[in-house]
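Bear in mind that the values in this text are calculations on the coordinates, not laboratory data. Being a predicted model, the structure only gives us computed values, none of them experimental. Please note: Cβ atoms are built from the backbone with ideal geometry, for glycine as well, and neighbour counts cover all protein chains shown.
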C-alpha cells in the first residue's frame with residue numbers, strides 16, 4: 001500500500017527531521033520526501049494492509065507543517081466493462 005501527501009516542507013533539513021520522527025513512530029514503513037515536486041510530496045509505503053494516515057497527519061501538524069492526502073485519481077476514473 002502507498003499513500004501520497006502534499007506538504008509545505010520546504011528544505012532537506014525539515015524533511016530529515018520529519019523522516020527521523022516518522023521512522024521512529026513507524027519503523028516498518030518506507031518513507032521519503034520529493035521536494036523537487038511542486039507539492040513537496042511525502043510518500044509512505046507499507047507492506048501492511050493499512051497506513052496510519054491520521055497519525056502521520058497529526059505528527060506533521062504537531063510540528064507546524066501542513067499536510068493533506070492526495071487522492072489517486074486513477075481509481076476515481078477506473079471502471080469495469082461487463083459483457
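The figures follow:
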quantity	calculated
Nearest-ten-degree value, helix 12-25 long axis tilted from longest Cα axis of the chain	70
Ranked list, fewest to most other Cβ atoms within 10 Å of each Cβ, for 42, 59, 70	70, 59, 42
Largest-first principal axis extents, alpha carbons of the chain, Å	54, 28, 19
Sorted by Cβ neighbour density within 10 Å, fewest at the top, the residues 50, 7	50, 7
Residue order, fewest to most surrounding Cβ atoms within 10 angstrom, among 63, 54	54, 63
